[in-house]
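Trainee: Here it is: the structure, laid out below.
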Amino acid sequence: MREPRRVMAALLAGTILTGASTAGLAQTTGTPPPTAAEPTPLGPQEIIVTAQKRSENLQNVPISIQALGTQKLEQLNVANFNDFTKQLPSVSFQTSQPGSTSVYIRGAASGGDGNHSGSLPSVGVYLDEQPVTTIGGTLDVHIYDIARIEALSGPQGTLYGASSEAGTLRIITNKPDFGSTYGAIDVEGNSVNKGAMGGKIEGFINKPLSDNAAIRLVGFYEHDAGYIYNVAGSRTFTGLKTGEDTSGNPIYAPGITVKNDAFVEKNYNDVDVWGGRAALKIDLNDNWTTTATVFGQDQRNHGSFGSDASVGDLKVQHFLPEYLHDRFVQGALTIEGKIGNWDLTYAGAYLVRKINQSSDYTDYAEAYDAMYASYGGLANYFYYQDNAGNQVAPLQQIIGKDKFNKLSQELRISSPSDKPFRVVGGLFYQRQYHNIRQDYQVAGLGSALSVNGFPGTLWLTQQKRVDKDYAAFGEAAYDILPNLTLTGGLRYYKFDNSLIGFFGFGRNPNGPPWNAAGSSRTGVAGCFNSDGTTVRDNAAGTLLPPAVSGSPCTNLGVFENGKVRARRAKDDGFIHRLNLTWKVDPDHMLYATWSRGFRPGGINRRGSLDPYQPDYLTNYEVGWKTSWFDHKVRWNGAVFVDDWKSFQYSFLGQNSFTEIHNGPNARIKGIESDITIYPVRGLTLSATGAYLDAKIRNNLCAVDDPTFQCGPNPGDIVAPKGTRLPVTPRFKMNATARYEWEVGAGKAHLQANWTHSSSASSALRIGVSTTDAPPLLHAYDLVDLAAGYDWSNITAELFASNLFDKRAQFSSIEECGACSQRPYYVVARPRTIGVRVGYKF
């Protein structure tokens, strides 16, 4: 996506110019300037959703689903992932910064996900008909001109596939409209307490091109103000040995001292996001329609988003550059038509995502210098030296470059929805390619101590990961009685995941020392020679060229017939869904569901570890959809028990090396519910809540043990039976009150939104070298207020988010597996006060 600001500016300019030229036309033709479309409202309580791959009334869908429509999204000022998940009690997440987020539903979280060579997500994320689920974190799609967001709780694997084990999030955009030309411009300015100024400008236009063609253009730019202060500080590392004490213990002088003066900065963590969307819809004839969409977004994060309490409130003390540049472009094509009276749909998409990132890894040096203090710290135990043999500062900067491509295609057919027997069936294929580069750099490190061919690189990860999924699915519904329906579905799946490349240290041919870490086994030492031996075992062998460009050689793979091929994990099987729905009367429905979801297995990059196997989640659920008091009140909910078998979990193991294992089983018991009271004298009330009791059913052992008995020593059990699953709070609730009344020629409103979350553990495992519990994410309450006035085509609103300036803890992160000396908390943005103005034409 080259020159994204220019693209965004062009889209916004087109919106303004076209709006100015067509405003008069709308008035002369008698077409009023429309407001942003709610997702096809049929009445005060009816919303059309497509969760079951059909257009259906939300109240008739036997799935626990919450839908936030255009109007609700605008009222709540939802702009990004964090904003809308706050409104969804069954959804939780881990994040280190915007764009690096792992999402969970119904407490199916083991923590530690999101690593580039880790597990696939357990929650599927869709943009319209196309999956945009990625390994390195959920796409933080900018929310504007969105028809609705659907959150589907529980396994959706029959219709949605491998990464919908625990649920699915669907972001549905507004489509081009043949009816008339209209659009909107929205502008916001805000100020963050203890931070800087931020704001955004957004716009869209819908324009018919003919009777059977229309285009919709969207553009946006947002600047989120920073609020973290990178304060001045220093680190002093252990120096050389100067003598011994009277007991013969070595005495070490202070060594190299580093300061961060060059990086001291207030409002350190600002974000800039810009992008746009263009959609073209064409009615080919009375039965066939095609919609082509291009969506591009460019996001630049600066600084760190975690706060270090040991330094101060909303403060850190970092020493090296920190940034993230995350951009993606997706092209999508949807073709819808009829064959007889059957509906046929093709949905295809190609996504390209690139992430460039720099991270400060100073905490690693600090932790390991203390860990090896009795040996003289890093200066005496390792070999952080330049080419002349002088000590260099052991600070590490991680430079990451990730490229992610995703191709997905689905073809499905469905029978008429008004018949007593209905079927949906189809085929699905996706291929995900991920080129991974993580370069751990030490400034001034000698060439012989670096990764071969990469001076200054202490450790290099250069890998290629490919995840392929194939599926055939079908679901049939039969009306046993006019008000009693039985639905059954099966999905045959097949996955084939592979990983190949390089990871580790260099290999000094004149060693020892073999590298700066003194490692004789990891890295180039494990690379394959042409005869299948490794450099460690046969240093005189002929080294095979690297299988992945940008690396010195290949040590992650399988040697076969003179070549190294990728390590693979593949399997196939079936998952199911069975549902019985009873329509008690037109306003009350009960349903019972038995369903199963899965997540594919994959490869551990440490060769000594076995591949991790698929995990499965089986859902037993009873739910209700009800309307009361002449549709003035809507109350929906579900009670469920989910059994999570051999769940995958990731953690930083020895030498902060990511490992993925299959753990014990877990059971999640819960209830989720939402209630809405529609306007009574201008007052609308709504509330959603979820209670989750999620615990492991066996011990989690430090070393894999199929019996889950673990060993007899302290530390052999890293999470005992009955431990709560991490990240997800036991109870989460959100409530909104909105009051509207007529004032003059317009309408005024007051709105309050409250979110409560109970406490949660930040991780499942306790530390490998300690018995301390993982950091706790404390309970929090957040309150947002807004007051505004709508007049003709103009809207204006004054708002305050996080009114009481609470430090709500969303995630806890540490830089490495041994870096418990500095836990960081990613907290809610401090109190933000702002004004937004909109114009519709």
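The values are calculated or read from the model by the stated rules, or taken from the named source; none is laboratory data. Everything quoted here is computed from the prediction, not taken from an experiment. Because the Cβ atoms are built from the backbone with ideal geometry, glycine has one as well, and the counts that use them run over all protein chains shown. Just the protein is used for accessible areas: all its heavy atoms, side chains included, with ligands, DNA and RNA removed. Shrake-Rupley method; radii C 1.70, N 1.55, O 1.52, S 1.80 Å.
Trainee: Given (1) within 30 Å of Ala752 (Cα to Cα); (2) touching a helix residue (DSSP H, G or I) at 6+ places or on another chain (Cβ under 8 Å); (3) hydrophobic (A, V, I, L, M, F, W, C), identify the lone condition not met by Phe598.
Mentor: (1)
Trainee: Name the one entry in Thr138, Thr158, Thr134 that is at pLDDT below 90, within 30 Å of Ile185 (Cα to Cα) and of a type in the set (S, T, N, Q).
Mentor: Working: Thr158 fails: within 30 Å of Ile185 (Cα to Cα); Thr134 fails: within 30 Å of Ile185 (Cα to Cα).
Within the list Thr138, Thr158, Thr134, the selection yields Thr138.
Trainee: Please go through the range 400-432 and pick out each residue that is under 27 Å from the mean Cα position of the chain (by Cα) and aliphatic (A, V, I, L, M).
Mentor: Leu407, Leu411, Leu427
Trainee: In this structure, does Pro664 turn out to be within 21 Å of Leu617 (Cα to Cα), out of contact with any strand residue (DSSP E or B) (no Cβ under 9 Å at 6 or more places or on another chain) and not small (Gly, Ala, Ser)?
Mentor: It is false that Pro664 is within 21 Å of Leu617 (Cα to Cα), out of contact with any strand residue (DSSP E or B) (no Cβ under 9 Å at 6 or more places or on another chain) and not small (Gly, Ala, Ser).
Trainee: Of the residues Leu445, Leu460, Leu427, only one is assigned to a strand (DSSP E or B) and in contact with a Gly (Cβ under 9 Å, 6 or more places away or on another chain); which?
Mentor: Checking each option against the conditions leaves just Leu460.
Trainee: I need a count of the residues in the range 795-833 that are part of a strand (DSSP E or B) and open to solvent by 70 Å² or more (accessible area, probe 1.4 Å).
Mentor: The qualifying residues number 2.
Trainee: Further question: Please go through the range 88-113 and pick out each residue that is small (Gly, Ala, Ser), in contact (Cβ under 8 Å) with a residue 40 or more places away in the chain and part of a strand (DSSP E or B).
Mentor: Scanning the range 88-113 gives Ser92, Ser96, Ser100.
Trainee: Could you please give the count of residues in the range 658-669 that are open to solvent by 10 Å² or more (accessible area, probe 1.4 Å) and either assigned to a loop (DSSP other than H, G, I, E, B) or at pLDDT 95 or above (or both)?
Mentor: The number of residues fulfilling the criteria is 3.
Trainee: Hey, another quick one. I'd like to know if the range 738-745 contains one or more residues that are over 24 Å from the mean Cα position of the chain (by Cα), open to solvent by less than 40 Å² (accessible area, probe 1.4 Å) and more than 25 Å from Glu222 (Cα to Cα).
Mentor: yes
Trainee: Of the conditions (1) touching a Gly at 6+ places or on another chain (Cβ under 6 Å); (2) within 30 Å of Phe421 (Cα to Cα); (3) buried (at least 20 other Cβ atoms within 10 Å of the Cβ), Gly474 satisfies every one except a single condition; which number is it?
Mentor: Going through the list (1) touching a Gly at 6+ places or on another chain (Cβ under 6 Å); (2) within 30 Å of Phe421 (Cα to Cα); (3) buried (at least 20 other Cβ atoms within 10 Å of the Cβ), Gly474 breaks only (3).
Trainee: Separate question: Starting from residues that are in a strand (DSSP E or B) and touching a Phe, Trp or Tyr at 6+ places or on another chain (Cβ under 8 Å), keep the ones in the range 552-564 and report whichever is most open to solvent (accessible area, probe 1.4 Å).
Mentor: The qualifying residue most open to solvent (accessible area, probe 1.4 Å) is Phe559.
Trainee: A further question follows. Quick check on my filter: what residues within the range 371-399 are assigned to a loop (DSSP other than H, G, I, E, B), closer than 14 Å to Phe237 by Cα and more than 39 Å from the chain's Cα centre (by Cα)?
Mentor: Result: Gly376, single match.
Trainee: Can you find, within the range 404-463, the residue that is farthest from Gly511 (Cα to Cα) among those that are among the basic types (Lys, Arg) and in contact (Cβ under 8 Å) with a residue 12 or more places away in the chain?
Mentor: Applying the filter and picking the extreme gives Arg422.
Trainee: Something else now. Show the residue pairs meeting these rules: Cβ distance below 9 Å; 6+ apart or different chains; first residue within the range 492-513 and closer than 23 Å to His434 by Cβ and open to solvent by less than 10 Å² (accessible area, probe 1.4 Å); second residue outside any strand (DSSP E or B) and hydroxyl-bearing (Ser, Thr, Tyr).
Mentor: Leu499/Ser117; Gly501/Ser551; Gly501/Thr554; Phe502/Ser551; Phe502/Thr554; Gly504/Ser519; Gly504/Thr522
Trainee: Exactly one of (1) touching a strand residue (DSSP E or B) at 6+ places or on another chain (Cβ under 8 Å); (2) among the small types (Gly, Ala, Ser); (3) open to solvent by 20 Å² or more (accessible area, probe 1.4 Å) is unmet by Ala516. Its number?
Mentor: (3)
Trainee: From the list Phe204, Phe237, which one is more than 32 Å from the chain's Cα centre (by Cα) and crowded, with 21+ Cβ neighbours inside 10 Å?
Mentor: Phe237
Trainee: On the basis of being open to solvent by less than 30 Å² (accessible area, probe 1.4 Å) and either hydrophobic (A, V, I, L, M, F, W, C) or more than 24 Å from the chain's Cα centre (by Cα) (or both), does Leu725 make the cut?
Mentor: Numbers: open to solvent by less than 30 Å² (accessible area, probe 1.4 Å): yes; either hydrophobic (A, V, I, L, M, F, W, C) or more than 24 Å from the chain's Cα centre (by Cα) (or both): yes.
So Leu725 passes the test.
Trainee: Taking Ile675, is it surrounded by fewer than 18 Cβ atoms within 10 Å (Cβ to Cβ) and aliphatic (A, V, I, L, M)?
Mentor: yes
Trainee: Still on this structure, I have one more. Of the residues Lys175, Lys207, Lys194, only one is under 30 Å from Lys266 (Cα atoms), among the charged types (D, E, K, R) and in contact (Cβ under 8 Å) with a residue 24 or more places away in the chain; which?
Mentor: None of the others qualify; the one that does is Lys194.
Trainee: Check Ala279 against each of (1) modelled with pLDDT of 95 or more; (2) closer than 22 Å to Asn230 by Cα and name the one condition it does not meet.
Mentor: Failing condition for Ala279: (2).
Trainee: Among the listed residues Ala309, Ala365, Ala279, which satisfies the condition of being within 30 Å of Phe428 (Cβ to Cβ) and of a type in the set (A, V, I, L, M, F, W, C)?
Mentor: Step by step, each of Ala309, Ala365, Ala279 is checked, and only Ala279 is within 30 Å of Phe428 (Cβ to Cβ) and of a type in the set (A, V, I, L, M, F, W, C).
Trainee: Tell me the residue from Gly340, Gly312 that is more than 29 Å from the chain's Cα centre (by Cα) and on the phi > 0 side of the Ramachandran plot, please.
Mentor: Testing whether each residue is more than 29 Å from the chain's Cα centre (by Cα) and on the phi > 0 side of the Ramachandran plot leaves just Gly340.
Trainee: Among all residue pairs at least 6 apart or on different chains, which show Cβ distances below 6 Å where the first residue, located in the range 307-334, is within 20 Å of His142 (Cα to Cα) and the second is in a loop (DSSP other than H, G, I, E, B) and open to solvent by 30 Å² or more (accessible area, probe 1.4 Å)?
Mentor: Pairs that qualify, where the first residue is within 20 Å of His142 (Cα to Cα) and the partner is in a loop (DSSP other than H, G, I, E, B) and open to solvent by 30 Å² or more (accessible area, probe 1.4 Å), are Arg327/Met1; Val329/Met1.
Trainee: Now for a separate question. Considering only strands (runs of 3 or more DSSP E) fully contained in the range 672-773, which possess at least 2 residues that are aromatic (Phe, Trp, Tyr)?
Mentor: Correct list: 731-743.
Trainee: Do you know which residues across the range 343-357 are more than 23 Å from Tyr126 (Cβ to Cβ) and either in contact (Cβ under 8 Å) with a residue 60 or more places away in the chain or crowded, with 17+ Cβ neighbours inside 10 Å (or both)? Show your work before the answer.
Mentor: Of all residues in the range 343-357, those more than 23 Å from Tyr126 (Cβ to Cβ) come to 356-357.
The answer is Gln357, and nothing else.
Trainee: Within the range 296-317, is even one residue modelled with pLDDT of 95 or more, open to solvent by less than 20 Å² (accessible area, probe 1.4 Å) and within 30 Å of Phe178 (Cβ to Cβ)?
Mentor: yes
Trainee: Collect the residues in the range 140-167 that are within 12 Å of the chain's Cα centre (by Cα) and open to solvent by less than 10 Å² (accessible area, probe 1.4 Å), keeping them in residue-number order.
Mentor: The one that is within 12 Å of the chain's Cα centre (by Cα) and open to solvent by less than 10 Å² (accessible area, probe 1.4 Å): Val141.
Trainee: Follow-up. Provide a single number: the residues in the range 525-544 that are out of contact with any Ser or Thr (no Cβ under 8 Å at 6 or more places or on another chain), closer than 15 Å to Gly506 by Cα and at pLDDT 95 or above.
Mentor: Of the residues in that region, 2 qualify.
Trainee: Residues that are of a type in the set (Lys, Arg), surrounded by 22 or more Cβ atoms within 10 Å (Cβ to Cβ) and part of a loop (DSSP other than H, G, I, E, B): does the range 622-633 have at least one?
Mentor: Checked the range 622-633: no residue is of a type in the set (Lys, Arg), surrounded by 22 or more Cβ atoms within 10 Å (Cβ to Cβ) and part of a loop (DSSP other than H, G, I, E, B).
Trainee: State yes or no: is Lys583 surrounded by 15 or more Cβ atoms within 10 Å (Cβ to Cβ) and in a strand (DSSP E or B)?
Mentor: Yes; evaluated as a whole, the condition is true for this residue.
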